[in-house]
Every structure is written in structure tokens, then in C-alpha cells.
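To start, the structure under review is shown below, and the notes come after it.
The values are calculated or read from the model by the stated rules, or taken from the named source; none is laboratory data. Since the model is a prediction, treat every value here as computed from it, not as a measurement. Neighbour counts are summed over all protein chains in view; Cβ atoms, including those assigned to glycine, are modelled from backbone coordinates with ideal geometry. The accessibility values were calculated without ligands, DNA or RNA, using every heavy atom of the protein model including side chains. Shrake-Rupley method; radii C 1.70, N 1.55, O 1.52, S 1.80 Å.
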Amino acid sequence: MTAPWCIALAWLAFGTAPAGQIALVAGTGQDNQCVQVLDLDSGAMVRVGPGSYDGAPVWSPDGARLAFETRSPEGLGICIVDADGAQPQLLTHSHKWNRIPRWAPDGRSLAYAADDGGGVFESRVVVYDLESGAEAPWPAEGAISLLRPVWLPNLRLLYALRAGQEITWGASSAVPLKGLEWLRDGPALVGLGVVKETKGYTTDLFVITNGAAASFPEWTLPSPGKYAEWAVEPSPDGTALAFESNDGGDREIFVLGRKGCYDVSNHRAADWNPVWAPDSAWLAFES
């Protein structure tokens, strides 16, 4: 029972679920995976997804809707549906493959990774404005391959890390973190950038806006450019980031906060899928 319960926690945490409801994926294989909503009081299960390669659902901030990836005529698209299955909407996309949507804190837009078949080496972060129906790449112009974007609730952690440090902006110039002028373009995401290293490629943590993509300062991470990071999740209060890293020999859960970066799950088993408690004091994860 432990692993399924952890998965349910993960999907509940990305938004505000209605009391007594769990959104999940059920099916015997990828071709019939379907998003469903379980009512804990009655035990009733309501199908809300098309049921063809549906991905993990995420609740909107108000708990009224779900977003998830699903089969589209071209590849994978993002679907939005009411929690009771009403008003399903498959978004119109510029790219064929669109994955892992996340709601903005105000519920007015979605961020996700998109590509045209090149996978992780050609992935872009795209933000969809639900009011206008328009997509926009973030950053607006050239950037490295970016994966799995998640909205930052605020800039508290970035302000705490800023004193006298520098970050790398894109693949070239260094920009002072001190004034955070590079975040002048508004809301920010945190995600993963694919970077080249001596023996191939790996992933590092990046801050992403509509104007730039910037890697975190080297001193903030355990081994930047050497190990692969994944599944980055900001704490609800914005003071820390939890993420997976294979630094240490297998997958571990690290937390980056104002006082440094620490391996919080250091043992022989692989650990993944970190999820914050609403008060930002605890983490749940699969192991």
C-alpha cells in the first residue's frame, strides 16, 4: 500500500484538491491509461480523461479543474477538464509532444515542456494563457533544452541566495544575482536544463522566465554539471527546493534552502518523487 499512497499524495499536492477526492491514473497499459477521480466517502470512481495515454493529473489552484497530458491527433496534448468530467478541452498546440503541465498560482495559465519529436534535446518550456488561448515559449528566444517546468510561488529563496553571487544566464554571460534585475519580466519557473559535460549530457536546475533561462549558482548544488537532477519541487512557502539527484550513487532527495543544499534521504535505496506538505515542514517521497 505504501507506493500507491505516495503516488496519490504527489498528485494531490500540485494544486488544491476538493475535500475527499483523489485524482489518479488507472489502466492496464499506456494505451488505456485514464484519468479518474475517486470519491473517498462513496468509493465511486468517475472517468474524466479520454483514456488513451493519459498522464498524471494536476489540480488547479481552486480545485475545480484538472490538467494532464493525453493522446492528441499529432502526438501528446494537454487536456483540461472539470473535476466531475464536464467541459473537457484539448488545448491547441504549436508542438506535437506536450508533457507534464503545471498550473500557475493564479490558475490563469499552464506551463509544460514541448517538442516536435526531438525529445529531451529539443524540449522547450511553453506557457499557455487560458484566457487568450495563446501559447508562448519561455524564454521567448533561443535557449538550451529545458524540461519539467514548475512555477515558483515567490522569489524568497532567490533573494536569500543573492548576496555577492553570480548566476550563468543561458550559455554565455554571467549576471549578478544581487539585484535580481534579470527577473524583471515577471513570474518565474524552475525547471531542468540539459547541459553537456565531458562524458555526455546531464541536467541542472534552472530559473526560467519569458526573457531568460539561468542556471543556479554552482555553490548552491551538490555537484553541478556532473550529476543528473530531476523532479524539482518548490516548497509552498517559497523558501526551499526539493529535487532528485543521482549524486551519491543512486537517486536521492536533496533540499536546497537558504543555508545550503543537503541530501535528506541518504541510504541504499533509490528515492524519488519529492512532495511538500502544505506547511513546507515535511517531505513525502517514494523509495
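Odds and ends about this structure:
- Scan of the stretch 242-268 for residues that are open to solvent by less than 40 Å² (accessible area, probe 1.4 Å) and either of a type in the set (Ser, Thr, Tyr) or more than 23 Å from residue 149 (Cβ to Cβ) (or both), ordered by number: 245, 250, 260, 265
- For the stretch 117-149, the tally of residues that are in contact (Cβ under 8 Å) with a residue 40 or more places away in the chain, within 17 Å of residue 72 (Cβ to Cβ) and part of a strand (DSSP E or B) stands at 2.
- For the stretch 228-287, a residue qualifies if it is part of a loop (DSSP other than H, G, I, E, B) and on the phi > 0 side of the Ramachandran plot, and the qualifying residues are 238, 248, 249, 280.
- Answer residue from the stretch 89-147, given it is of a type in the set (Val, Ile, Thr) and more than 16 Å from the chain's Cα centre (by Cα) and is surrounded by the most Cβ atoms within 10 Å (Cβ to Cβ) among those: 144
Condition check ((1) farther than 28 Å from residue 236 by Cα; (2) in contact with an Asp or Glu (Cβ under 8 Å, 6 or more places away or on another chain)) across all residues:
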{"residue": "61", "(1), (2)": "no, yes"}
{"residue": "73", "(1), (2)": "yes, no"}
{"residue": "77", "(1), (2)": "no, yes"}
{"residue": "84", "(1), (2)": "no, no"}
{"residue": "106", "(1), (2)": "no, no"}
{"residue": "116", "(1), (2)": "yes, yes"}
{"residue": "124", "(1), (2)": "no, yes"}
{"residue": "128", "(1), (2)": "no, yes"}
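- Residues (at pLDDT 85 or above and either among the β-branched types (Val, Ile, Thr) or not in a loop (DSSP other than H, G, I, E, B) (or both)) located in the stretch 1-30: 21, 22, 23, 24, 25, 26, 28
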